[in-house]
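Written below as structure tokens is the structure these notes are about.
The values are calculated or read from the model by the stated rules, or taken from the named source; none is laboratory data. Not measured: the values here are computed from a predicted model. Here the Cβ is made from the backbone with ideal geometry for all residues, glycine too, and neighbour counts use every protein chain on show. Just the protein is used for accessible areas: all its heavy atoms, side chains included, with ligands, DNA and RNA removed. Shrake-Rupley method; radii C 1.70, N 1.55, O 1.52, S 1.80 Å.
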Amino acid sequence: MFDFEQLKIAIIGLGYVGLPLAVEFGKHVPTYGFDINQFRIDELKRGFDHTLEVSEQELKQSQLLNYASDIKKLDESNFYIVTVPTPIDDFKQPDLTPLVKASESIATVLKKGDIVVYESTVYPGATEEVCIPVLEKKSGLKYNQDFFVGYSPERINPGDKQRRVTNILKITSGSTPQVADYVDQIYNLIIKAGTYKAPSIKVAEAAKVIENTQRDVNIALINELALIFNKMNIDTEEVLKAAGTKWNFLNFRPGLVGGHCIGVDPYYLTHKAQSIGLHPEIILAARRLNDRMGEYVATQLIKEMVKQRIQVVGARILILGLSFKENCPDIRNTKIVDMVQALKEYDLGLDIYDPWVDSTEAEREYGLAPVPKLEFGQYDAIVIAVAHDQFKQMSVEAFKKLGKDKYVLYDLKYVLDKEDSDIRL
């Protein structure tokens, strides 16, 4: 029924997830990388990836990969992989608009025998309840008769150069046993770590959404412990190091929980749970606590400045790092922004410096303009907010040179030894 020799793949969405997939498949079979952003297509054709996930050399090695911003160019494709973002709206509800629009676009070129695989994170049931009806309505074809569907959740870790798409085990699934087998075989063309074939699309969807929910809940626990220990004047890092000597203690650290996965995925699960009459207390409590950490960090900093008799109003503060994690330009759902907004309420000056982040993107997304270089002797407070290698490599003296004669150094990421900073989370 499905012919490997006739396989032509189309990747819909060329972001952090889609591009690495397209590059790997493009080494083996004819592949189209599709994105509605013409600027993105143009930069990839020039051999540049602004997400820094794929190098110029890797792009050149993918000789069977072509790019398109016109969906009609994909009309000869027969295996579609959807990797568009699935964000949340201002009310913390799933925003499936990109997924729906991608499905509508695919439906215009969908043919009998084609397979559509979704990788975007969704709640269990979304593929069958939302995506498939769109494909059927717009194409006029019948699900599991004319076309078929699979789900293989993405496991990309932005900025991680060791765990790449090919060496991370991949979950696969399909709408029929035969399709599930075929989808699994397709991914095994590129996934060296192997695959795990889930028994259904819903199981694969649920597995993905709980991976990050589990991390979110665990980090929330450590954040709450940090609040308790800070109140008791106990160093949280020292407590965690001591507790970590037990073989089964989980190694989580407190911090700002942002990004497109951990800070978003739990809301997809809680949305579905509430729609079927269940109130997920632990998951929502963890989300609320983690979402408040930016404000808490800002308050901690201001209290320390007051304690050291540093004038808060009119003060200049330097925040080192804007991306949601280290060594990565990804600013999606970065919680550094929450800290920034909380600090702005105190009528002070804020500079943000991040050598990884594109200033134009930061301006467009958050209205923030990172400074292009560091100034010495200008700041009343310095916050090490992201543990980029550039900051880890700085000496204590280098940090001191940034501050005025009297300043507060807040090491949010434990970059420095305890005695070298004024305050830690």
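Scan the stretch 76-95 for residues that are open to solvent by 30 Å² or more (accessible area, probe 1.4 Å) and part of a loop (DSSP other than H, G, I, E, B) and jot them down.
Correct list: GLU76, ASN78, PRO85, PRO87, ASP89, ASP90, PHE91, LYS92, GLN93, ASP95.
For the list (1) closer than 18 Å to CYS261 by Cβ; (2) in a helix (DSSP H, G or I); (3) among the aliphatic types (A, V, I, L, M), I need the number of the one condition that VAL179 fails.
Exception for VAL179: condition (1).
Would you mind finding the one in ILE310, ILE317 that is assigned to a loop (DSSP other than H, G, I, E, B), open to solvent by less than 20 Å² (accessible area, probe 1.4 Å) and within 15 Å of ASP422 (Cβ to Cβ)?
ILE310
Looking only at residues that are closer than 17 Å to PRO85 by Cα and aromatic (Phe, Trp, Tyr) in the stretch 121-171, which one is surrounded by the fewest Cβ atoms within 10 Å (Cβ to Cβ)?
If we take residues in the stretch 121-171 being closer than 17 Å to PRO85 by Cα and aromatic (Phe, Trp, Tyr), then TYR123 is surrounded by the fewest Cβ atoms within 10 Å (Cβ to Cβ).
Report every pair of residues separated by at least 6 positions or lying on different chains whose Cβ atoms are under 7 Å apart, first residue within the stretch 190-208 and free of Cβ contacts under 8 Å to residues at least 24 places away in the same chain and under 21 Å from GLN162 (Cα atoms), second open to solvent by 10 Å² or more (accessible area, probe 1.4 Å) and charged (D, E, K, R).
none
Which is more than 25 Å from LYS92 (Cα to Cα), polar (S, T, N, Q), touching a strand residue (DSSP E or B) at 6+ places or on another chain (Cβ under 7 Å) and at pLDDT 95 or above, of GLN300, GLN311?
Working: GLN311 fails: touching a strand residue (DSSP E or B) at 6+ places or on another chain (Cβ under 7 Å).
Being more than 25 Å from LYS92 (Cα to Cα), polar (S, T, N, Q), touching a strand residue (DSSP E or B) at 6+ places or on another chain (Cβ under 7 Å) and at pLDDT 95 or above holds for just one of GLN300, GLN311, which is GLN300.
Could you list all residues from the stretch 241-265 that are within 25 Å of ASN333 (Cβ to Cβ) and either part of a helix (DSSP H, G or I) or of a type in the set (A, V, I, L, M, F, W, C) (or both)?
Passing the criteria: LEU250, PHE252, LEU256, VAL257, CYS261, ILE262, VAL264, ASP265.
With the structure loaded, tell me whether GLU375 is out of contact with any Asp or Glu (no Cβ under 6 Å at 6 or more places or on another chain), loosely packed, with under 14 Cβ neighbours inside 10 Å and outside any strand (DSSP E or B) or whether it fails that test.
yes
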